[in-house]
Structure formats: structure tokens, C-alpha cells
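Worksheet for the structure shown next.
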Amino acid sequence: MTDFSRRRFLSISAGIAALAASPLAAASRVWEGIALGARARIVIDHPEAAAITAEAAAEIARLEAVFSLTRADSALRRLNAAGRLEDPPFELLECLALAGTVHAATAGLFDPTVQPLWTLYATRFSAGLAPDDAEIAAALHRVDWGAVRFDSGGIRLAPGQALTLNGIAQGFIADKVAALLRGRGLERILIDTGEMRALGPQPDGTPWPITLAAGGQVALQDRALASSSALGTTFDSVGRVGHILHPGTGRPAPAVWKLVTITAPEAGLADALSTAACLMPQAETILQAVTRFPGARVEHLA
């Protein structure tokens, strides 16, 4: 199963003093590897940098084992394969609850049950063909968030259903890593999973300057930022068929917005809202959905 993602790099910078650009401060610890299917780098300037870096990397790996669509043993893959999952990880339940809240606030546009549609598009375009109307209609019969049931005892999907949390999980994981680092006493942290989560300011006391792909900057402090684009990742080789699919029509999001950027108190929320916003051709509709969440703001529409 292919796991398309617009995120290509994960980076965590944290410190109690300014991080030197080059060379790194003597107390810094650098870890590089793969996380969330992307290149990852963690830089921490702290007397206990080695231990904290190891904890952060372990937390990312633990959560990847919950949410990954590429790992056959992940909780999400096992749920999709069997249609049910007993005693699910708490983090999966928490993420599903947030997904349900955003689903309601976006009139159903944020819908993790689009995975059968996504698989259809990925499979057909991998073979060099677009899905036809009959195939899309058949996949749409399995798109129904209302049919998903979950509580602490288990998760149940309707026959043929499958979930994708690619539009929320990266932000959600950024929140969890931030909580871990804050629990270790770090207060000046920037986590970048493609979605940003800042705890406190930079080591020099100023907000973290986030440069947007479309130009301009957003000053981030004790907030999260997520950006989405209808054509940020595409199924076809010429870049015309985007990866964000409409749960009502089965069609890709229209390329109305080159970039949607939203900030919120948490990265998981910003991530989900920016994904759903790509399916909203009217700016007013996006603003109405975002303002239902205290502290959430639309930073950029273009």
C-alpha cells in the first residue's frame, strides 16, 4: 500500500540557549533517521541532550506503529485489514475523536473513511489509468464516517471500509512529541513534521519565524501551523490530480487554493482543518469552519 504524503522532512529543534548554526553548540545532540516515512532530524541543546533525543525518537517510532499506513503491523493497518480492532491504543482513539469533531465542523468534508477512494486512485494511476465513474461510485459506497464506531473497548468499521489519518496524524504526532519534551522541562521547542508546533519562543526570546511556501512569514509561539495544497501531492505524473479527495463526489479537490495555511493551539487540529479547507472553494466557508475552534485562525489563502 502506497503512503503518499506531502510531508518530506521532520525536524525538532529545542534548547535552553541559542542553538549555534555552525558548528552546533557543544551540548547539542543530533539524531538523523527516518520518521513518519520522511527524513528526520532532531537537534537539542541541553545538558541531557542524548537521553532526551533518544526519548523523542522512541516516541516518534511508537506513534508511527499506531498511525502508519505503510507498516503492516501498525494499529491502523490492522484495523483496516480486519475491520475491527480490540483494545485500541489510546492515541488512536484520541485522534479519531478529534477527526470526528473536525468532520462535524466541516460539514463532513474531513472524512478519514476516504481511504478506499484513495486506494482506488493510487492503484489506477500506478497502472497508468484514471479510475472510471463506476469505480468511483463503488468506492463512494464505503465512504461514511457515520458508520465508524469506537470506544475504549474497540473500533468497528462497516464492511469494506478503511481509514486514512494522513490529514491529521502528522500534526497529532507533533503535539505528542511536544508534550513529551515539555514534560522533560524544555520550553523553547519547534517541531516540524510538515506541520509546525512551537512551544514557547526561540532561544533568543523571539517568536519562531515560519516562512510560507507561497511567500510571507508567520510568527509562531505556543501555537501550531499547518499548510495544505490541493496539488501538494498528486496521483498522476503531470501533477493535475491531487491527493485530497472529496468524500461526497469522490473527485479530487479543485485547485482553487495553491496554499491554505491555518494556525491553532494544536498541530493535529491545524492539520485537519487545512486539509478540509482545500475542499472549500469559498473563503467564507473556510473562515466559518475554522472559527468554530477557539484560537484557530486562517493565516493564508492563495
Go ahead and run the numbers for FRET between A51 and D204, Cβ-Cβ distance against an R0 of 35 Å, rounding to 0.05. 0.90
Determine the dipole magnitude for the stretch 122-247: charges of +1 sit on the beta-carbon of Lys and Arg, -1 on that of Asp and Glu, nothing else is charged, the reference point is the Cα centre, and the result goes in debye to the nearest 20. 320
Report, in debye and to the nearest 20, how large the dipole of the chain comes out about its Cα centre when Lys and Arg carry +1 and Asp and Glu carry -1 on their Cβ. 300
Hydrophobic long helices for the chain, i.e. whole DSSP H runs reaching 20 angstrom or more by Cα along the axis with Kyte-Doolittle mean at least 0.5, come out as 49-67, 90-105, 169-183
Once ligands and nucleic acids are excluded and a 1.4 Å probe is used, how much of E86 is accessible, expressed in Å² to the nearest 10? 90
Please find the FRET efficiency linking Q288 to D236, where r is the Cβ-Cβ separation and R0 is fixed at 35 Å, and quote it to the nearest 0.05. 0.65
Among L181, Q217, G194, the residue whose Cα sits farthest towards the positive end of the charge dipole of the stretch 163-246, when +1 is placed on the Cβ of each Lys and Arg and -1 on the Cβ of each Asp and Glu, is L181
Surface/4 of the Cα convex hull for the stretch 130-268, nm²: 11.2
With the crude spin-label approximation of a point 7 Å out along Cα→Cβ, what separation in nm comes out for L93 versus A134? 4.4
Expressed as a percent, the accessible surface of the chain that is carbon or sulfur, using a 1.4 Å probe and the full set of protein chains, is 53
Once ligands and nucleic acids are excluded and a 1.4 Å probe is used, how much of W31 is accessible, expressed in Å² to the nearest 10? 70
In square angstrom, rounded to the nearest 10, how much accessible surface does S237 have for a 1.4 Å probe? 120
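The values are calculated or read from the model by the stated rules, or taken from the named source; none is laboratory data. Because the structure is a prediction, the values reported are computed rather than measured. Positions of Cβ are generated from backbone atoms using ideal geometry, with glycine treated the same way; all protein chains shown enter the neighbour counts. Please note that ligands, DNA and RNA were not included when accessible areas were found on the heavy atoms of the full protein model with its side chains. Shrake-Rupley method; radii C 1.70, N 1.55, O 1.52, S 1.80 Å.
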